[in-house]
Amino acid sequence: MKNGEAGFVVVFLISLWGLALSSSSSSYSSSSSPWDFYDQSRWNPPGSSPMASSSMLLNRVGSSIVLPIHGNVYPIGAYNLTLLIGQPPKPYFLDPDTGSDLTWLQCDAPCVKCTEAPHPLYQPNNDLVICRDPICASLQPGDYRCESPQQCDYEVEYADGGSSLGVLVKDVFSLRLSSGIQLSPRLALGCGYDQLPGSSHPFLDGVLGLGRGKSSLTSQLSSQGLVRNVVGHCISSRGGGYLFFGDDLYDASRITWSSMPRESKHYSPGVAELLFAGKPTGVKNMFILLDSGSSYTYLSSQAYQDFAFFVKKDLMGKPFKEALDDPTLPLCWKGRRPYKNTRDVKKYFKPFALNFASGAKFKTRFEIPPESYLIISSKGNVCLGVLNGTEAGLQNYNIVGDISMQDKMVIYDNERQMIGWAPASCDRIPKSKAFLS
Ligand SMILES: *[C@@H]1O[C@H](CO)[C@@H](O)[C@H](O)[C@H]1NC(C)=O
Ligand SMILES: *[C@@H]1O[C@H](CO)[C@@H](O)[C@H](O)[C@H]1NC(C)=O
């Protein structure tokens, strides 16, 4: 995810400059290496921290990891959370992205091109992921060649034009289960030494990849048996919220579930039809992705056109006129007075919804009330937070971004290949399953 833009990712192998990243000496201590490696003696063997065995963890209440999220859709246009990585652990602000897999940090390898970041660059250790590692393979095209077998080069590109290029390392992540047990798994992450900022790049240290692929933090935590392969988030329309790994924060019977199409590389609740004010609009067969890396929601051209038409038609006779002088978003309206909060205007707008055909009998609905598709600009105008995805280069994908996932718990269940949601109050981190409204 890259602030304000859809963040699903294209990954491919780069054999970049043959840069001396593949220092041929196995110690990686050659002075010609661009790597500024830490002394190996600093390493503690993995598992030396006081942690319970994984089989014990999974069957217990409290076996989730919950992390507070900071940010909002507008004016910040980004979300971030703090992870402690390395030995000793250092804090980094990361963009939680369910639209991409790889977690990476701006990295002193040394850095060829890094953007300004809130913390000092990550100092990589010498624990390289090898080229044949399945995690490396998952980030490469099917027929990739290992020109430097001892390392894994990666490049990720985001839909907003941003990218990161680097090499995979393993390092210790300091995480705490809700039961209080401290975990220190060694996980693969990208040491990104060459970044291109996208059209809107937040002031952050890197990206937290939460997608369906093997390299995502979700997959890695679950393959080590630490939590179940489930990730979710709850972001509040008041700003902030939380992210969680594991499945014991919610009661699955109170969640609306939709199956993920097997063939989708990204999190998708499937194909939907568009409803406006509870009625079918005639827009059907929309392939939907949920992407926490996107601040706004994007509909492909035809769906966008129809949706904008319905919103505008519904505003006729109401005290709003288009604010052509407001550059915040493509469509803004001026009301009788400047507004402060979407709650002030929600009575003038209708909800819309995505109706998923899940099985022959059930219709699964994702409701989007006005507060989840409108923002109030700094000028006090109301703006449409649903944008033309075709214009943003997203082709026929329809991307439900943070704005439309506010005040819901959204669950990406990779164990059962289901996506779930339920209305929730996201202002406070839940202590138990009893929090759902
Ligand atoms: C990231 O979160 C921290 C609080 O944990 C906050 O101080 C910082 O401003 C946030 N950065 C961005 C770009 O939102
Ligand atoms: C959406 O963007 C596409 C590509 O730029 C453009 O052709 C189309 O007219 C736009 N649709 C609307 C309704 O603005």
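Some observations on this one:
- PRO330 being in contact with a Leu (Cβ under 7 Å, 6 or more places away or on another chain) and either polar (S, T, N, Q) or free of Cβ contacts under 8 Å to residues at least 60 places away in the same chain (or both): yes
- Residues that are among the basic types (Lys, Arg), farther than 13 Å from VAL345 by Cβ and more than 16 Å from ligand 2 (Cβ to nearest atom) within the stretch 304-325 comprise just one, LYS321.
- Any hit, the stretch 235-242, residues being assigned by TED's automatic domain parsing to the domain that holds PRO369, farther than 16 Å from GLU415 by Cα and in a loop (DSSP other than H, G, I, E, B): no
- Condition check for CYS107: under 20 Å from PHE203 (Cα atoms) and in contact with a Pro (Cβ under 9 Å, 6 or more places away or on another chain): yes
- Any hit, the stretch 382-400, residues being more than 16 Å from ligand 2 (Cβ to nearest atom), over 19 Å from the mean Cα position of the chain (by Cα) and buried (at least 20 other Cβ atoms within 10 Å of the Cβ): yes
- Among (1) touching a residue at least 40 places away in the same chain (Cβ under 8 Å); (2) exposed (fewer than 15 other Cβ atoms within 10 Å of the Cβ); (3) of a type outside the set (D, E, K, R); (4) more than 16 Å from ligand 1 (Cβ to nearest atom) - the single one ALA109 does not satisfy: (2)
- Cross-chain or 6+ apart pairs with Cβ under 9 Å, the stretch 174-187 first and more than 18 Å from LEU243 (Cβ to Cβ), then surrounded by 18 or more Cβ atoms within 10 Å (Cβ to Cβ) and of a type in the set (Asp, Glu): ARG186/ASP127; ARG186/ASP171
- Condition broken by TYR267, with the remaining ones in (1) part of a strand (DSSP E or B); (2) in the same structural domain as SER294 (by TED's automatic domain parsing) satisfied: (1)
- Unique residue being surrounded by fewer than 23 Cβ atoms within 10 Å (Cβ to Cβ) and within 16 Å of ligand 1 (Cβ to nearest atom) when the list is ALA137, ALA117: ALA117
- The one condition from (1) of a type outside the set (Asp, Glu); (2) out of contact with any helix residue (DSSP H, G or I) (no Cβ under 6 Å at 6 or more places or on another chain); (3) not assigned by TED's automatic domain parsing to the domain that holds ASP427 that LEU210 does not meet is (2).
- Every listed requirement among (1) surrounded by 20 or more Cβ atoms within 10 Å (Cβ to Cβ); (2) outside any loop (DSSP other than H, G, I, E, B) is met by SER174 save one, (1).
Residue-by-condition table, conditions (1) modelled with pLDDT of 95 or more; (2) within 16 Å of ligand 2 (Cβ to nearest atom); (3) crowded, with 20+ Cβ neighbours inside 10 Å:
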| site | (1), (2), (3) |
| --- | --- |
| SER179 | no, no, no |
| ARG186 | yes, no, no |
| TYR193 | yes, no, yes |
| HIS201 | no, no, yes |
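- When residues of the stretch 71-89 are limited to those that are over 19 Å from TRP104 (Cβ atoms) and either aromatic (Phe, Trp, Tyr) or outside any strand (DSSP E or B) (or both), the one farthest from ligand 2 (Cβ to nearest atom): PRO88
- Taking each residue of the stretch 291-308 that is within 24 Å of HIS201 (Cβ to Cβ) and of a type in the set (D, E, K, R) and looking for partners that are outside any loop (DSSP other than H, G, I, E, B) and more than 16 Å from ligand 1 (Cβ to nearest atom) with beta-carbon atoms closer than 8 Å, six or more apart or interchain, yields ASP291/ILE399; ASP291/VAL400.
- For the residues GLN195, GLN140, GLN220, the requirement of being touching a strand residue (DSSP E or B) at 6+ places or on another chain (Cβ under 9 Å) and in a loop (DSSP other than H, G, I, E, B) singles out GLN140.
- Search result, residues across the stretch 149-171 that are surrounded by fewer than 19 Cβ atoms within 10 Å (Cβ to Cβ) and either hydrophobic (A, V, I, L, M, F, W, C) or not in a strand (DSSP E or B) (or both): PRO149, GLN150, GLY161
- Among the strands (runs of 3 or more DSSP E) confined to the stretch 287-374, the ones with at least 2 residues that are at pLDDT below 95 and assigned by TED's automatic domain parsing to the domain that holds ILE403 are located at 352-358, 362-368.
The values are calculated or read from the model by the stated rules, or taken from the named source; none is laboratory data. Since we're looking at a predicted model, the values are computed, not measured. Quick reminder, even Gly has a Cβ in these numbers, built from the backbone with ideal geometry, and neighbours come from all protein chains shown.
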